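Engineer: The structure follows.
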Amino acid sequence: MTRAKFFIKGAISTRYISGMIGKHGENSGLGAHVIFLGQVRSDKKNKKVVKEIQYSVYAPMAEKEFQKIKDEAFERYPLHCLHIVHSTGKVGTGEISLAVMASAGHRKKTFEALKFIVEQIKKRVPIWKKEVYDDGSEVWIKH
Amino acid sequence: MSVRILFFGYLVEKTGRSSMHINNHNLVSDSEGLKKFLYSEFPHLEGQIFKIAINRELINKKREINDGDEVALMPPYAGG
């Protein structure tokens, strides 16, 4: 198995996402693809509006944790394929910063798997974000 | 050899840097010693919430730090 690649610099393009969907057509055993796309929201805070988010990651540890989550998802659910990609650096409002696509024979387990994977990513992967507002100010997000 | 320290998220602003090397390993021979050392170097760090990873493994109690280790100080994650 080739080494998984989990990060993309900047926003995840619709072209990338459509490519992710398109390459599964040849596998006729698949009955369900469930996709989660995380989008940068233009939240308003104290009259300021979020313009972009800057993501920073501890790449070697994050790659390892993504791989662990992937392995756990395959152990728990009857998945055929799983793709995870997260942005690093700047992503503007309305752009996509996280894409997860789980594919399997049937929808029910695929929905469950996707929920598990996204929650685990939020909880376990060392990624941080800083909101940049329309007035140029910046704030690190604490969850 | 030295101990490499990495800072992430808002800890970068608290310390004014994203990494540093500590050449005198005796100053930071375990995680508690490291915290003490960093709090004296960077007073703004004290009271901040962060986890520590040694060589990319999270620790949840006092651990030995060896010469050549990479130690990361990580505030709560905010991916997605």
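Engineer: As a test of the definition: with a 1.4 Å probe, what buried accessible area, both sides summed, do you compute for B against A, in Å² to the nearest 100? Don't skip to the end; give the middle numbers.
Structural biologist: Numbers: alone 5200 and 8820 Å², together 12180 Å².
That pair hides around 1800 Å² of surface in total.
Engineer: How much mean residue ellipticity at 222 nm does chain A get from its helices, if each DSSP H run of length 4 or more adds -39500 (n - 2.57) and you divide by all residues, to the nearest 500 deg cm²/dmol?
Structural biologist: Values: 3 runs with 45 residues, N = 143.
Rounded to the nearest 500, it is -10500 deg cm²/dmol.
Engineer: Under a cut-off of 16 Å between alpha-carbon atoms, report the aspartates and glutamates in cross-link reach of residue A:51, not counting same-chain residues fewer than 8 places apart.
Structural biologist: Answer for residue A:51, where 16 Å is the Cα cut-off: A:43, A:95, A:131, A:134, A:135, A:138, listed by chain and number.
Engineer: Can you tell me the 0 to 90 degree angle between the C-alpha axis of helix A:107-124 and the longest principal axis of chain A, rounded to 10?
Structural biologist: 40 degrees
Engineer: Going 7 Å from the Cα of residue A:45 along its beta-carbon direction, which residues of region B:41-59 have the amide nitrogen within less than 17 Å of the resulting point?
Structural biologist: B:49
Engineer: So what is the 222 nm mean residue ellipticity for chain B from helices alone, if each DSSP H run of at least 4 adds -39500 (n - 2.57) and you divide by all residues, rounding to the nearest 500 deg cm²/dmol?
Structural biologist: Working: 2 runs with 16 residues, N = 80.
Taking each H run of at least 4 residues, the total per residue is -5500 deg cm²/dmol.
Engineer: Something else now. Find which of B:65, B:47, B:24 sits farthest along the positive direction of the dipole of region B:3-74, computed with +1 on the beta-carbon of Lys and Arg, -1 on that of Asp and Glu, about the Cα centre.
Structural biologist: Selected residue: B:47.
Engineer: Still on this structure, please answer the following. Could you state the orientation-averaged shadow area of the convex hull built on the Cα atoms of chain A, in nm² to one decimal? Could the numbers behind the result be given before it?
Structural biologist: On the way: hull surface 36.2 nm².
In nm², the orientation-averaged hull projection of chain A is 9.0.
Engineer: A follow-up question, please. Quick check on packing: order A:19-27, A:89-97 by the mean number of other C-beta atoms within 10 Å, highest mean leading.
Structural biologist: Numbers: A:19-27: 11.2, A:89-97: 17.9.
Averaged packing, sorted descending, gives the order A:89-97, A:19-27.
Engineer: In region B:3-74, what percentage of the DSSP-assigned beta bridges are antiparallel, given to the nearest 5? Write out the running numbers ahead of the final one.
Structural biologist: Working: 12 of 16 bridges.
Restricted to region B:3-74, the bridges split so that about 75 percent are antiparallel.
Engineer: Please go through the residue pairs A:44/A:68; A:9/A:142; A:115/B:62 and name each one whose alpha carbons sit more than 25 Å apart in this structure.
Structural biologist: On the way: A:44/A:68 35 Å; A:9/A:142 22 Å; A:115/B:62 34 Å.
A:44/A:68; A:115/B:62, as the Cα separations exceed 25 Å there.
Engineer: On to the next question. How far is helix A:59-76 tilted, in degrees, relative to the longest principal axis of the Cα atoms in chain A, given as a value from 0 to 90 rounded to the nearest 10?
Structural biologist: 40 degrees
Engineer: Continuing with this model, one more query. Label region B:3-74 by shape, choosing from rounded, prolate and oblate, from the square roots a ≥ b ≥ c of the eigenvalues of the Cα gyration tensor; if a/c is under 1.5 it is rounded, and otherwise prolate applies when a/b is larger than b/c, oblate when it is not. Display every interim value, and only then the final one.
Structural biologist: Values: a/c = 1.44, a/b = 1.30, b/c = 1.11.
It comes out rounded by the Cα gyration axes.
Engineer: Moving on. Output the 0 to 90 degree angle, nearest 10, between the alpha-carbon long axis of helix B:31-41 and the longest principal axis computed from the alpha carbons of chain B.
Structural biologist: Long axis of B:31-41 versus the principal axis of chain B: about 70 degrees.
Engineer: Pairs A:47/B:51; A:5/A:108; A:122/B:14: which exceed 29 Å Cα-Cα? Walk me through the intermediate numbers first.
Structural biologist: Numbers: A:47/B:51 33 Å; A:5/A:108 27 Å; A:122/B:14 24 Å.
The pairs that break the limit, which is 29 Å between Cα atoms, are A:47/B:51.
Engineer: Taking each residue in A:52-65, count the Cβ atoms of any other chain within 10 Å of its Cβ, then average. What number comes out?
Structural biologist: Working: counts 0, 1, 0, 3, 5, 3, 9, 0, 4, 10, 3, 1, 2, 4.
Average per residue, whole number: 3.
Engineer: Also, quick follow-up: In region A:22-101, if the dipole is taken from +1 on Lys/Arg beta carbons and -1 on Asp/Glu beta carbons about the Cα centre, which of A:74, A:91, A:59 is farthest to the positive end?
Structural biologist: A:91
Engineer: Given charges of +1 on the Cβ of Lys and Arg and -1 on the Cβ of Asp and Glu, with all other atoms neutral, how large is the dipole of region B:3-74 about its Cα centre, in debye to the nearest 20? Walk me through the numbers on the way to the answer.
Structural biologist: Details: 10 positive and 10 negative charges, 35 e Å.
The calculated dipole for region B:3-74 is roughly 160 debye.
The values are calculated or read from the model by the stated rules, or taken from the named source; none is laboratory data. Computed from a predicted structure; not experimentally measured. Every residue, glycine as well, gets a Cβ built from its backbone with ideal geometry; the counts of neighbours run over all protein chains shown. Side chains included, ligands, DNA and RNA excluded: accessible areas come from the protein's heavy atoms. Shrake-Rupley method; radii C 1.70, N 1.55, O 1.52, S 1.80 Å.
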